[in-house]
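The values are calculated or read from the model by the stated rules, or taken from the named source; none is laboratory data. Just so it is clear, the structure is predicted and the values come from calculations on it, not from any experiment. Heads up: the accessible areas ignore ligands, DNA and RNA and are worked out on the full protein's heavy atoms, side chains in. Shrake-Rupley method; radii C 1.70, N 1.55, O 1.52, S 1.80 Å.
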Amino acid sequence: MIERTLTIIKPDSVEKKNTGAIIAHLEKEGFEILAARMTHLTVAQAQAFYEVHKERPFYNDLVAYMTSGPVWPMCLQRDDAIAYLRKVMGATNPAEAEPGTIRALYGESIERNAIHGSDSPDNAAKEIAFFFPGADLV
Ligand code: CMP
């Protein structure tokens, strides 16, 4: 089934100039980019985006990290996009990610892990609307 999902190219990837390589990797894996923009999240935006993790011990560090530099949120489309992106991304911790996955190739730690991907259809819809509200995605 054709689905849409949300990825964010995280500050560590932008800082290390891995944005182009990660976009090329995603395109080679068959994702179409329906929307993309560069933004520097405010603390309030990062807190709202990661609200589901509010009670986790790493929440404040995650918000600080995600506001430490610019990021690229992108809406991606592909057959089975949500599960497939998670496969292509690899495990949250790059040390545990399968060789050849984006996090294995470009991530350095569980926090500086290169890229975000929506984990469910509900969250994908919410996260796409968060970054591209009212966008007329073709
Ligand atoms: P992401 O897919 O963006 O969603 C939540 C993020 O929390 C996750 O990637 C990790 O980068 C980050 N994080 C930081 N510390 C931890 C941790 N101990 N366990 C899980 N996620 C963590």
Students sometimes get this wrong: rank Asp122, Asp79 by accessible area, probe 1.4 Å, all chains present, largest first. Asp122, Asp79
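Largest first, what is the accessible-area ranking of Arg86, Arg56 with a 1.4 Å probe? Numbers along the way, then the final one.
Values: Arg86 95, Arg56 115 Å².
Highest to lowest solvent-accessible surface, that is Arg56, Arg86.
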Here the range 8-18 yields Karplus 3J(HN,Hα) values (6.51, -1.76, 1.60; θ = phi - 60°; whole Hz; Gly and Pro given as x) of 10, 7, 7, x, 5, 6, 5, 4, 8, 6, 9
With the range 2-64 reduced to its Cα atoms and the Debye formula applied, log10 I(q)/I(0) at q = 0.15, 0.17, 0.21, 0.23 1/Å amounts to -0.61, -0.76, -1.00, -1.07
What relative contact order, as a whole-number percentage, does the range 14-111 give when Cα pairs under 8 Å and 6 or more residues apart are counted? 29
With every protein chain left in place and a probe of 1.4 Å, what is the accessible surface of Ser120, to the nearest 10 Å²? 30
Viscosity 0.890 mPa s, temperature 25 °C: give me the Stokes-Einstein translational D for the chain in µm²/s, with Rh taken as the Kirkwood radius over C-alpha pairs. 165
Report, to the nearest whole %, how much of the accessible area of the range 26-85 belongs to carbon and sulfur atoms, 1.4 Å probe, protein only. 50
Relative contact order of the range 75-117, pairs being alpha-carbon contacts under 8 Å that are 6 or more residues apart, as %: 31
Heavy-atom accessible area of Glu27, protein chains in place, probe 1.4 angstrom, given in Å² to nearest 10, is 110
